[in-house]
């Protein structure tokens, strides 16, 4: 622990049929990749609700990967296109909030692409490592002066009450 | 209403309850809307003593502080929490009230003042107190200070937070009443619920659990959108769903309660009634729905449609709900200097 | 009510335990995660002893939820669900989290792998609390089957089912069944006469009491789902009374309008405006091609009508929509040939003696336009040399990346036929020779012996611009012979382009109607490329033959039979289970905004006009959850993947990511001033 390398925490939303299986394949083929991604299985990339991504950020994730079948190859015919549309809208919204574009990535990986998925994960980890921690969950905490200010008010009010009493 | 007097948990059916109405970071519209219940205000007056309502009656914080905990039966708290003084008052009313209601959009989800969460104290003050902005004349560059030393001692002003919080991000809230402002008839309905003693589960939003579309008379079809349009670009057809005409109408994601007022005057819903029941993040719902029906499978074209049609995604999706959203605010630049 | 959760962490021998400290995780989960009542690690959770352990705990400890940390749910979800089921717990209250494929097998560092596994277990524990018991649904299977496509794969499937005693509707777009195989002269590698082996099957299908033949008909619409599909078939107007026609052929004979036959004859021969595609057509009922018929053009002629002995000609016949109900659908719609004009440097369409492989099939077919004589476009000159160009539109990134599979063998067949019928020299320009089925390599060796010449290289150009006197009047094939590493020019009389097999033009459209998807290349996607090659993601819809990807006749027949066997299995079973992972709309809360309705490619979301709300047709829903994520009002719930479950999973997976709160702990908060 002497040299602290930043280890980003990445939540991956992977579709059951292609990308989750690609990760399975990466496993059976022992394709080593970064341990920073933690995978949540959904039936389809079309199930990925923008609020899942925001939830992950708000709980301390440094980045989020959404992965699905290749366009035109969706096991639910065309639902990954809806994922694609939402991804673009979400990424622009998050960008306006100050979340760098590299922190949310959309990856297409077929069930046969364990290698490609592993590479995409490694690449993403490196990019996010470069950006540093997102730390969104601390983003809205006021610093210690808030407590001080509240204490001041309490004190002032108590003093005022003593005067009138 | 007069005969069946309120109980308000006092145990004594005859006794009058105590009602407080307080405002924090808000505009005063909520109070106007309360007064909009018209002569029914007399019924409210018959049921409750108004212990505090800075907008319409005199009242002293000290009197509230002196009360027993839980002595106030109902507190309608509007406005978000932007300063230490507002936070203090929120805590005070929580302690003194049996039932604390987040009243109106500001208290429930931050509303327009919550959009300040895209900035921080520093940038907000820069904008408000710098002579460079057109509406500001401040040649001496005077800024509000938390502490000012005068011969008699130190004077304190509340500190201004970097982030506006909703009421429930600050204190425990019993019920929610959405709307900017809540429509007067809905306020009266809520009061009737409170008077009936037949209270919903804690944490409930007192209102409908469907969306504005339910009340919108326009005809709707399956949706496909090639282009989002700004309101000034088109005079919409009065019969068809506004969204189908490319206008970003938020009615589909917004809780019913207004009776679809805006769409009925040919203007898209802007979402002031907040998310529907059980929804975690209003903007995510609206964003997801609109993105889903973009009529393109080409990533570049999709990007272009969004960039062109929705240049301000936060103002579009989080106009009223940024502070109450999962993300709560924009990324804070650097920590603000401790001096105000 | 607090749940009682059992956590089971598998060693998988050393597969997991080698990289993940499973004992520590099991201990940690038991001590630190809320509601965990039992937490154990075990050598092999999937073994009968491991399963027994879970079953006993469920009974003894009265567990209400189970989390297993082991391998991929694609491997053992069913196993552990069954174990829970055996112990009386609803199987959907179990969550299997993947700490092997996604963790121990792919990470190097033991500490990091353990931390990740801990997060995955934590996620599963949080998730499982909110999982809900689900009950699978069952539907009865209608024993009738629809087979789309009357080529060899569809024929095989139809006959297998019909012979087994089940009714089949066989729909074919062309006027006759038979498909591409009917166009061929010989079949490789046995050189069987294609017609000789195909036509008996065709007539058998035409006469089978269990087969309803619907030729010159197309699929219009499919609704319903596995077990009970409702299908609309468009029977195109033949302008011939199907029942009255005896197939005597006098109408065809007397029809004065000749047109180029671009379908069956591949543009090599003519047919009449009223025609049967070929003499052995099934059914033997001609159709009138309304675009060519003189009557439809200028209200004259009616020769056929006047001469028909049974008054079967009906000019005013209209398309007819036929409704049928079936339990299963087999799609066997085949392929279409690559348009060789897309590669202009090969000169097809510009240089007369460049042929497509389908044209050449007709040319050497004994029943074809030249009665099987191999002659050039002038109709008389026998070529002295022929070049066969492989991989035209296949194995080519500009067109199709895939290998079309059959062309190497087809070109050997062509080579053999040419050498048999003429004295011509035959050159085969190949990238790789692919002859990997039974007796295929032997056929290749045979052709090597017969004197067919093989040049390894991709042809760059076919031209008629001669550079040398010997090239005058010839087609010159320019190619680098990669075995000698030199650019070569081969003057020949005739060139055959072995065009790729491509998906049918409307494959995607038809797939959409049936609710199945295509790969990027446009072939239908099977459920599993190895283990489930004829089923699709849509229950009750199967694929057979080349519509799933290029393949030869034996493979098409095998798939046709396999699909039939799968369907027969469904019919015999009588009812099918439907996964209860479906979406539900809270109709009370739905405002009918109509965002969701066209979200669903299966048309599973109907709009009810009267209350003005949407509703999911459960039997059609495949559970993808796209509508759930789209609903702006948040009133659609996706079973087993609902928001609460996924939000909790995210909370669990990030259990160690939340920064310690700095000033928000309630103890530190100042209390408002008070008089008391």
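Where a number appears in this text, it was derived from the coordinates with a stated rule and is not lab data. Keep in mind that this is a model prediction, so the values were computed, not measured. Cβ placement follows ideal geometry from the backbone for every residue including glycine, while neighbour counts extend to all protein chains displayed.
Once you average over the residues of C:581-594, how many Cβ atoms of partner chains fall within 10 Å of each Cβ?
5
Given the C-alpha centroids of the stretch A:1-66 and the stretch C:298-335, what is the distance between them in whole angstrom?
Cα centroid to Cα centroid, the span is 56 Å.
Based on alpha-carbon atoms only, what is the radius of gyration of the stretch C:424-563 relative to the globular estimate 2.2 N^0.38 Å?
For the stretch C:424-563, the normalised Cα radius of gyration is 1.43.
Quick check on packing: order B:136-147, C:539-550 by the mean number of other C-beta atoms within 10 Å, highest mean leading.
Listed from highest to lowest mean packing, they are C:539-550, B:136-147.
Could you check the simple spin-label distance between residue B:266 and residue C:437, using points 7 Å along Cα→Cβ, in nm with one decimal?
Between residue B:266 and residue C:437, the label points sit 6.8 nm apart.
With N set to the number of residues, divide the alpha-carbon radius of gyration of the stretch B:108-157 by 2.2 N^0.38 Å and report two decimals.
Cα-based Rg divided by the globular estimate yields 1.48.
Order the peptides C:589-597, A:141-149 from the highest to the lowest mean number of other Cβ atoms within 10 Å of their residues.
C:589-597, A:141-149
Could you compute Rg(Cα) / (2.2 N^0.38 Å) for the stretch C:583-639, with N its residue count?
Ratio of Rg to 2.2 N^0.38 Å for the stretch C:583-639: 0.96.
Evaluate the relative contact order of the stretch A:10-136 (contact order divided by residue number), counting alpha-carbon pairs under 8 angstrom at least 6 apart; express in whole percent.
Answer for the stretch A:10-136 is 38 percent.
Could you quote the convex hull projected area for the stretch C:86-189, Cα atoms only and averaged over all directions, in nm²?
15.0
Taking all pairs of different Cα atoms in the stretch B:212-317, averaging 1/r and flipping that mean, what Kirkwood radius in angstroms comes out?
14.0
Return the average number of partner chain Cβ atoms within 10 angstrom of each residue Cβ along peptide C:102-109.
6
What percent does the relative contact order of the stretch B:212-317 come to when contacts are Cα pairs within less than 8 Å and at least six residues apart?
The value is 30 percent.
Taking Cα pairs under 8 Å and at least six residues apart, what relative contact order does the stretch C:583-639 come out at, in percent?
Computed value for the stretch C:583-639: 46 percent relative contact order.
Any idea what diffusion coefficient the stretch C:193-282 gets from Stokes-Einstein, in µm²/s, Kirkwood Rh on alpha carbon pairs, 4 °C, 1.567 mPa s?
It comes out at roughly 82 µm²/s.
Would you mind getting me the FRET efficiency between residue A:101 and residue C:380? Use the beta-carbon distance for r and R0 = 60 Å, nearest 0.05.
Step by step, r from the Cβ atoms, then E = 0.30.
How big is the shadow of the Cα convex hull of chain C, averaged over all directions, in nm²?
44.2
Residue A:141 to residue A:28: FRET efficiency via 1/(1 + (r/R0)^6), r the Cβ-Cβ distance, R0 41 Å, to the nearest 0.05?
Efficiency, rounded to the nearest 0.05: 0.40.
Return the tail of the calculated pair distribution for the stretch A:10-136, meaning the percent of Cα-Cα pairs more than 16 Å apart.
For the stretch A:10-136, the fraction of Cα-Cα distances above 16 Å is 57 percent.
I need two numbers for the protein assembly as shown: Rg to one decimal and Dmax as a whole number, Cα atoms only, in Å.
37.3, 126
To the nearest 10 degrees, how steep is helix C:440-450 against the longest Cα principal axis of chain C, on a 0 to 90 scale?
Helix C:440-450 sits roughly 30 degrees off the main axis of chain C.
Gaussian network model of chain A, Cα springs within a sub-10 Å range: biggest mean-square fluctuation belongs to which of A:46, A:60, A:27?
A:27
In peptide A:110-122, how many Cβ atoms from other protein chains are near each Cβ within 10 Å, on average?
For this peptide, the per-residue mean of nearby foreign Cβ atoms is 1.
Based only on Cα atoms, what Rg/Rh ratio does the stretch C:339-501 have, Rh being taken as Kirkwood's radius?
0.93
Take residue B:131 and residue B:45, extend 7 Å from each Cα along the Cα→Cβ direction, and tell me the distance between the two endpoints in nm.
Computed distance between label sites residue B:131 and residue B:45 equals 5.0 nm.
At 7 Å along Cα-to-Cβ for each site, give me the label-to-label distance between residue A:126 and residue B:192 in nm.
With each label point 7 Å from Cα toward Cβ, the separation is 6.6 nm.
With 17 Å as the cut-off, how large is the P(r) tail for the stretch C:530-628, expressed as percent of Cα-Cα pairs?
62
So how tilted is helix A:145-164 from the main axis of chain A? Cα-based, degrees 0 to 90, rounded to 10.
30
If you count, for each residue, the other Cβ atoms within 10 Å and average over each peptide, how do B:55-65, B:110-120 line up from highest to lowest?
B:110-120, B:55-65
If you average the alpha carbon positions of the stretch C:481-559 and of the stretch B:179-231, how far apart do those two centres end up, in angstrom?
Centre-to-centre distance over Cα atoms comes out at 54 Å.
Which whole-number percent of Cα pairs in chain B have a distance greater than 24 Å?
61
Over the stretch C:52-105, consider all pairs of different Cα atoms and compute the Kirkwood hydrodynamic radius from their mean reciprocal separation; express it in Å, one decimal.
With all distinct Cα pairs of the stretch C:52-105 included, I get 11.2 Å.
For chain C, find the longest principal axis of its Cα atoms and tell me its angle to the long axis of helix C:553-573, 0 to 90°, nearest 10.
50
How would C:510, C:658, C:63 line up from fewest to most surrounding beta-carbon atoms within 10 angstrom?
In order of increasing Cβ crowding within 10 Å: C:658, C:510, C:63.
Once you have the Cα-Cα distance between residue C:311 and residue C:371, take 0.36 nm times their residue separation minus that, and quote the gain in nm to one decimal.
18.3 nm
Cα centroids of the stretch B:255-289 and the stretch B:68-126: how far apart, whole angstrom?
What the calculation gives is 22 Å, centre to centre.
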